[in-house]
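Scroll down for the structure; my scribbles are underneath it.
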Amino acid sequence: MTILEDLKWRGLIADCTDSEALAQRLAQGPITLYCGFDPTADSLHVGNLVPLFALKRFQNYGHHPIAVAGGATGMVGDPSGKSAERNLQPPAQLAHNLICIKAQLAKFLDFEAAANPAQIVNNAGWTADMGYLEFLREVGKHFTVNGMIAKESVRARMEDRESGISYTEFSYMLLQAFDFYHLRKTCRCELQVGATDQWGNITAGVELCRRKLEATVWGLTFPLLTKADGTKYGKTASGAVWLDAKRTSPYKFFQFFMQTEDSDVVKLLKVLTFLSRQEIEELERRHQADPGAREAHARLAKELTTLVHGAAATQTAVRASQILFGAAIGSDINEATFEEVVGEAPTQSLPKAKLEGPGVPLTELFVLAGLCPSKGQARKDLEGGGGYLNNERITDIARAATVKDLLFGKHLLLRKGKRTYAVVTALE
């Protein structure tokens, strides 16, 4: 397949300024393309992976990708897809965010490729020193207010009488258009890619290149990453799913994709992995034959966690997730990961001193943890083989837990039956 055929099969083409002409240009040889990433936070999130992976897909096909870190555009804030104006961040915070994001971008693109190495550039490099009057003359005069108002990103905000749109955000598309113009002029960049909410900004850049350089360039957009119900993908009750392990741990990242809805898993395999069509279609066939096996979910979670966090972190996440299915708790699981795994299980505490000497009978602990209503019931559960301490089955009703049983010197993991867990934490 060509790159466009691959993108189409993966469901990654939403719109193009001239798809036929772009296909003809790509058939002639490698093209330089770019996508911008504004430093609105100190980490990219799952939604950013679609355009970022698209740059990598183009590079895999021999094209020349440029990732633009928005040191200038980030100072203003993009109104696209936002119902209210962003809070402008202090320059020091933006500088910090920029450093973090550039490091993340560098993980996914190949900067050592002999024929088509990727580039990362900062648009502050060609914008920050440009005066306001110069910008108005060089860029502003090529756009009509009528045309800018017609763009969806602006029009939607102007129709909201309560929030409206500031002149600052109104001008954002001019900055992004100037990026395309500069990259076309200096790097012979001919294609800008982005999500559908960037369509107005992208077409503004296409128009500026035509007016100032008499150059033909193209814009290509990808669908926003959404769930089957239409809501944005990569959001949880606690917020976005981040690529930074300090914001979203590898275990939680892995679990997020393991919990993908059945109706979304094949789509995400196409959009968020580099698996071949043959591999994905085989996973789809198996998924349809036996959805309960969750083979497609496991492959999605492993592939994506490896891409973002590396093979070692993925292996730890897989092992950690197996704890709740009864796997032994070994030295390869650290305390922080263990606490994440059992973080949603009911937790009770008791003084560590009680576990000294003979310790505390499991029958008593099962009642304390809320797993059994009485010691009598706890005895029956243990005798019947349904009681576990640290994922080891205990049938001895006289068994007591001592300090030697503490995981990481402070936790006891209790389980009744297959999946009913509780934690007892020993306090100093």
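Some values worked out for this structure:
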read-out	value
Cα-based reach from Lys380 at 18 Å (exclusive), listing aspartates and glutamates while leaving out same-chain residues under 8 positions away	Glu364, Glu392, Asp396
DSSP bridge orientation in the chain - percent antiparallel, rounded to nearest 5	45 percent
Part-to-part distance (alpha-carbon centres) for segment 86-117 and segment 385-418, which is given in Å	47 Å
Mean Cβ neighbour count within 10 Å, used as a protection proxy, ranking 55-65, 393-403 highest first	55-65, 393-403
Phi to ³J(HN,Hα) by Karplus 6.51 cos²θ - 1.76 cosθ + 1.60 over segment 287-302, Hz, x for Gly, Pro	5, 5, 6, 8, x, x, 5, 6, 5, 5, 5, 5, 5, 4, 4, 5
Per-peptide average of other Cβ atoms within 10 Å, ordering 166-178, 270-282 highest first	166-178, 270-282
Residue-wise HN-Hα coupling along segment 245-251, computed from phi with Karplus coefficients 6.51, -1.76, 1.60 (Hz; x: Gly, Pro)	4, 6, 8, 10, 5, x, 5
Semi-axis lengths, Å, segment 260-409, gyration tensor of Cα atoms, sqrt of 5 times eigenvalues	40, 18, 12
Segment 332-379: C-alpha gyration tensor shape, a/c 1.5 cut-off, then a/b vs b/c	oblate
Full-extension gain in nm, Glu281 to Met1, via 0.36 nm per residue minus C-alpha separation	99.3 nm
The chain: calculated mean residue ellipticity at 222 nm from DSSP helix runs of at least 4, using -39500 (n - 2.57)	-13000 deg cm²/dmol
Ratio of the Cα radius of gyration of segment 249-340 to 2.2 N^0.38 Å, where N counts its residues	1.11
Hits among lysines - C-alpha to C-alpha of Lys56 under 20 Å, sequence gap 8 or more where chains match	Lys8, Lys102, Lys107, Lys267, Lys270, Lys302
Partners for Lys354 among lysines (Cα-Cα distance below 17 Å; same-chain residues under 8 apart left out)	Lys404, Lys410
Two-decimal ratio, the chain, of alpha-carbon radius of gyration to 2.2 N^0.38 Å	1.23
Charge tally in the Cβ shell below 14 Å around Ile149, where Lys, Arg are +1 and Asp, Glu are -1, Ile149 excluded	-1
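Readers should treat all values here as calculations from the given coordinates under stated rules, not as data from a laboratory. Treat the numbers as computed from the prediction; the structure is a model and nothing was measured. Positions of Cβ are generated from backbone atoms using ideal geometry, with glycine treated the same way; all protein chains shown enter the neighbour counts.
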